[in-house]
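**Q** One structure, pasted below without further comment.
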Amino acid sequence: MAAMDTQVLIVGAGPTGLTLAVDLARRGVGFRLVDRAGGPFTGSPGKALQPRSIEVLHDLGVVDEGKRPTPDAPYPSTVIIPQFRVERILRDRLAELGGAVEYGTEVTSFEQDGDGVTAVVGGELVRAAYLVGCDGGRSPVRKRLGVGFEGETWDDQRLVIGDVRLDGLDREHWHAWPKSPAGLLALCPLPGTDLYRLRAPADAEPSLEVLRTLVRARTGRDDVVVREATWMSPYRANVRMVDRYRVGRVFLAGDAAHVHPPAGGQDMDTGIQDAYNLGWKLAAVLTGAGGELLDTYEAERLPVAAWLLGVTSRLHHEADATQWPGKRDDETLQLALTYRGGPLAGVGERAGDRAPDAPCALVDGTPARMFDLFQGPEFALVGIGAQDAVAYVRDAHPYVRTHSVVDVDGHVEAAYGATEGTLLLIRPDGYLAAVTTDPAEAVAYLDQVLG
């Protein structure tokens, strides 16, 4: 067996690849993150993060605290943030963990065998245990695997989008002209920048002059003037997904596995959560868990991609009919996403559901929150009381983070349906593995999944 140069080769340094790299770095897993682009991406094809993705970033050490929190959801609403800022934040976190993106480095070919993947990376041979293609909707990795990308392109749905600096509009509101005789125009201020995100249905190759003409014609105002465009692109609505996320030791994630209309603000979220689902499983297998654990990546994430395409297509058609975005709910916020009935859903009716936040207290009276108790790269066990049961699990699996808590104000019961004596076993990606009163069931789950 050839020696490994790295454990995981990640191809593509957008939000998906960066999330995976950060997750692997905090677990001590060796990786290389390469991107054929000459430097960081500067545009915002995605401009929002849903609450579930912000929870993921919190766990990765990127986000410190929420806004307008509720007991079970510290991040209850969508956050407008341009993709280039999300990527910058993730790159900074990766640097804190000792990692970096290798820009200007292309994977031109790869082959795999039963023990690993051999790739040509920047003209040199690199041997890795696994390769993950996070390289976008046109994914060369997917094409080299021969994985189909079934779906459709809506040729009649053409847009011009871009990030612009302009004069004449305030930055406290979104601005839209849905009934302009010349056609729809929307301009959204991008927080933390001096830019606006421009969106306009148009069958045109974007240029600064094209954007200026669209704005002048569709606002009907001479005082709204585009001064500069830092990024611009034509856009056609694509609704496509793969029929498999894995071929041997090569995986697909993010836009390499699914592309969808922009409605609902799901642009970056599903890729971030693909990476978050895969990262802990790669780390577990590389440290001794059975290889079948990696099969659960496709089993859990493929149905999510199918759901995503259906929801965003519906919202896109609704917005196209009304010329205005639809109402957000738990469906689009991704807080209700579940793996119930999947291969890793253990005992308990709620096994597979997202593990919500809840205020509580440690047994010594110290105030605590559930999210803080299970933040980190390992499995966590939280007992409502149940100190002896918690100790039983800790003795069997010492690496599991364990806590006994007191449900002072009933928030844990409200969030989990958990009463005194209940054990909550929480996966490294923040989903419930098991809900039980029997510590032997928690131990059996860990034995089965991790060995």
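The values are calculated or read from the model by the stated rules, or taken from the named source; none is laboratory data. Just so it is clear, the model here is predicted, and its values are computed rather than measured. FYI the Cβ positions are ideal-geometry reconstructions off the backbone, even for glycines, and counts take in every protein chain you see.
**Q** Scan the stretch 1-46 residue by residue and report those that are farther than 30 Å from GLU228 by Cβ, of a type in the set (S, T, N, Q) and surrounded by 24 or more Cβ atoms within 10 Å (Cβ to Cβ).
**A** THR19
**Q** Also, I was wondering about something else. Note down all Cβ pairs under 9 Å where the first residue falls in the stretch 412-423 and is in the same structural domain as ASP372 (by TED's automatic domain parsing) and under 19 Å from VAL393 (Cα atoms), the second is in a loop (DSSP other than H, G, I, E, B) and aliphatic (A, V, I, L, M), and they're at least six residues apart or on different chains.
**A** Close Cβ pairs satisfying both conditions: GLU420/ALA386; GLY421/ALA386; THR422/ALA386; LEU423/ALA386.
**Q** Are any of the residues in the stretch 212-230 at pLDDT below 95 and either in the same structural domain as ARG138 (by TED's automatic domain parsing) or touching a helix residue (DSSP H, G or I) at 6+ places or on another chain (Cβ under 6 Å) (or both)?
**A** No.
**Q** If you take the residues of the stretch 169-218 that are surrounded by fewer than 21 Cβ atoms within 10 Å (Cβ to Cβ) and among the hydroxyl-bearing types (Ser, Thr, Tyr), which of them is farthest from MET232 (Cα to Cα)?
**A** That would be SER180.
**Q** Picking from TYR245, TYR196, TYR235, which residue would you name as being at negative phi and either among the acidic types (Asp, Glu) or at pLDDT below 95 (or both)?
**A** After applying the criteria, what remains is TYR235.
**Q** When the residues of the stretch 137-159 are narrowed to those that are at pLDDT 95 or above and surrounded by 13 or more Cβ atoms within 10 Å (Cβ to Cβ), which ends up nearest to THR42 (Cα to Cα)?
**A** Checked the stretch 137-159; the qualifying residue nearest to THR42 (Cα to Cα) is SER139.
**Q** Among (1) surrounded by 15 or more Cβ atoms within 10 Å (Cβ to Cβ); (2) part of a helix (DSSP H, G or I); (3) among the charged types (D, E, K, R), there is one condition ASP388 misses while meeting the rest; what is its number?
**A** Single failed check for ASP388: (1).
**Q** Among the residues of the stretch 211-262, which ones are over 25 Å from ALA13 (Cβ atoms), part of a loop (DSSP other than H, G, I, E, B) and of a type in the set (A, V, I, L, M)?
**A** Scanning the stretch 211-262 gives a single hit, VAL224.
**Q** Additional query: Has the stretch 251-266 got any residue that is within 21 Å of VAL147 (Cα to Cα) and among the β-branched types (Val, Ile, Thr)?
**A** Yes: one or more hits.
**Q** Next question. For the stretch 356-381, give me each residue that is under 24 Å from VAL56 (Cβ atoms) and in contact with a Ser or Thr (Cβ under 8 Å, 6 or more places away or on another chain).
**A** ALA380, LEU381, listed by residue number.
**Q** Would you be able to tell me the number of residues in the stretch 429-450 that are part of a helix (DSSP H, G or I), under 28 Å from ASP274 (Cβ atoms) and not hydroxyl-bearing (Ser, Thr, Tyr)?
**A** 6
**Q** Quick one: which of GLY383, GLY346, GLY352 is over 22 Å from the mean Cα position of the chain (by Cα), surrounded by 19 or more Cβ atoms within 10 Å (Cβ to Cβ), under 27 Å from TRP307 (Cα atoms) and not assigned by TED's automatic domain parsing to the domain that holds LEU57?
**A** Criteria check complete, one pass: GLY346.
**Q** Here's another thing I want to ask about it. Report yes if ARG127 is over 19 Å from ALA253 (Cα atoms) and surrounded by fewer than 23 Cβ atoms within 10 Å (Cβ to Cβ), otherwise no.
**A** Criteria met by ARG127.
**Q** I would also like to ask the following. Being modelled with pLDDT under 95 and among the aliphatic types (A, V, I, L, M) is true for just one of VAL382, VAL435, VAL408. Which residue is that?
**A** Sole residue among the options that is modelled with pLDDT under 95 and among the aliphatic types (A, V, I, L, M): VAL408.
**Q** Answer yes or no as to whether GLY39 is in contact (Cβ under 8 Å) with a residue 40 or more places away in the chain, touching a helix residue (DSSP H, G or I) at 6+ places or on another chain (Cβ under 8 Å) and part of a loop (DSSP other than H, G, I, E, B).
**A** In short, no.
**Q** Looking at the stretch 289-346 only, could you name the residues that are at pLDDT 65 or above, polar (S, T, N, Q), in a loop (DSSP other than H, G, I, E, B) and touching a Leu at 6+ places or on another chain (Cβ under 6 Å)?
**A** Within the stretch 289-346, no residue meets the criteria.
**Q** From the set of residues in the stretch 166-197 that are part of a strand (DSSP E or B) and touching a helix residue (DSSP H, G or I) at 6+ places or on another chain (Cβ under 6 Å), which is farthest from PRO261 (Cα to Cα)?
**A** TRP177
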